[in-house]
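Scroll down for the structure; my scribbles are underneath it.
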Amino acid sequence: MTKEAQRQKELEVALASQVRRVHEVKHEIGMEKAEVQLSKEQFDERIRVAVEEAYARGKTDGVKEARRPVSIEPIEQQDPGPQPLAASTLKEVKVPLAKNCKLNLRCFNGSELYKGLGAGFKQWSVNFKQQVDLAERACGYRWPEEVKISVLGSYLRGNAENYFDGMKDQWWECKPAVQYALEEMELAFNRKFTSAQINKLMMKPKATTTTWYDRLLYLMAVANATHAPLSHVPEHLVFHADEDMARTLSTLYDKDAKRPIQHANDLAEFAQTFEDNMKKSGKPGKLAAGAQADTQSKDDTRTCSICHKGGHTVKTCFSKGSRNNDANDARKDDDADKGGGDRSNP
């Protein structure tokens, strides 16, 4: 077979395939020429209607799909807790109005709340910097260092104000920044403590005119000023009280308490109530002894070597006194017998 004949055959096959495809399309749309003869205008109209119906049907299905409710599972988020104050990103520096320079801060006068603990300027300076930062954010711009120095001086009173007024010019020449002035003020009004000084302050006896709540506040102030462990607060509250109260509080003291300040607060509340009851009854000794006896009867599992009973020891044995009396009576009888025999001899 020649190439020309082979090409002619391929063209006939392709043409027959196209004709067959046309008939299939006509059959699908119901447009077979054998069934009905349509003009060109009618054929175009039928095609247009079919296209519009298909478009409308697809649009309706899309709307229904869009309106279908979607179930969104909630995402469990863990509470991050209180977050520290984020660093400010303000860059513009402007002088604020005088009314915007007012801070929510008490004035510092340099006096000691408790003798020997210092004035506590370090914590006050931290509060001052926080308040200045919040005020700058409220204004929307940073304050110049001169303004911060002026605001710092306006919140000082007494000895602190006098010291600041005398030294601020020298500080400004060394370093024109409020942070440098705060550091110098801290050196002047803060104290450093040795271990012996801390123990002496903690062991200071409670005054009879103060309450146990005042005593607790004093120990907390000592711990904050000296950076001592908070576990020292309930310990010194118990073991450096008077003898009767220390014996009573020792039965409630828990050296392994996870929240030492809360534990110390509970001890102070009990001690104050107990002390008030002792004052009202007028018999503090009996109350303390009764409380100690009740506690020992519940907690003490030792056996006495005198009466061989449990719940107490030789030191607190109730039958010890009667046995001593019996021994003394027996000793007196022996002495009387010896004395009588001697008098009968010539």
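Figures for the structure shown
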{"quantity": "Total residues in the stretch 256-286, condition in a loop (DSSP other than H, G, I, E, B) and at pLDDT 85 or above", "calculated": "4"}
{"quantity": "Pair list, Cβ under 7 Å, 6 or more apart: the stretch 143-172 residue more than 15 Å from Arg106 (Cβ to Cβ), other residue surrounded by fewer than 19 Cβ atoms within 10 Å (Cβ to Cβ) and of a type in the set (Ser, Thr, Tyr)", "calculated": "Trp171/Tyr180"}
{"quantity": "Subset tally (residues that are surrounded by fewer than 16 Cβ atoms within 10 Å (Cβ to Cβ) and part of a loop (DSSP other than H, G, I, E, B)) for the stretch 203-226", "calculated": "7"}
{"quantity": "Test for Thr194: is it of a type in the set (Val, Ile, Thr), closer than 30 Å to Glu243 by Cα and surrounded by 13 or more Cβ atoms within 10 Å (Cβ to Cβ)", "calculated": "no"}
{"quantity": "Of all residues in the stretch 249-266 being free of Cβ contacts under 8 Å to residues at least 24 places away in the same chain and under 17 Å from Trp212 (Cβ atoms), the one that is nearest to the chain's Cα centre (by Cα)", "calculated": "Gln262"}
{"quantity": "Subset of the stretch 120-170 [of a type in the set (Ser, Thr, Tyr) and in contact with a Cys (Cβ under 7 Å, 6 or more places away or on another chain)]", "calculated": "Tyr155"}
{"quantity": "Any chance Met203 is closer than 25 Å to Met220 by Cα and assigned by TED's automatic domain parsing to the domain that holds Glu275", "calculated": "yes"}
{"quantity": "Of the criteria (1) assigned by TED's automatic domain parsing to the domain that holds Phe121; (2) modelled with pLDDT under 90; (3) basic (Lys, Arg), which one Arg137 fails", "calculated": "(2)"}
{"quantity": "Test: residue in the stretch 147-159 that is within 29 Å of His236 (Cβ to Cβ), among the small types (Gly, Ala, Ser), over 29 Å from the mean Cα position of the chain (by Cα) and assigned to a helix (DSSP H, G or I)", "calculated": "no"}
{"quantity": "Test result for Ala181, surrounded by 12 or more Cβ atoms within 10 Å (Cβ to Cβ), at pLDDT below 90, out of contact with any strand residue (DSSP E or B) (no Cβ under 7 Å at 6 or more places or on another chain) and not in a loop (DSSP other than H, G, I, E, B)", "calculated": "no"}
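The values are calculated or read from the model by the stated rules, or taken from the named source; none is laboratory data. Small disclaimer: the values here were computed from a predicted structure and weren't measured. Don't worry about glycine lacking a Cβ; one is built from the backbone with ideal geometry, like all the others, and counts go over all protein chains shown.
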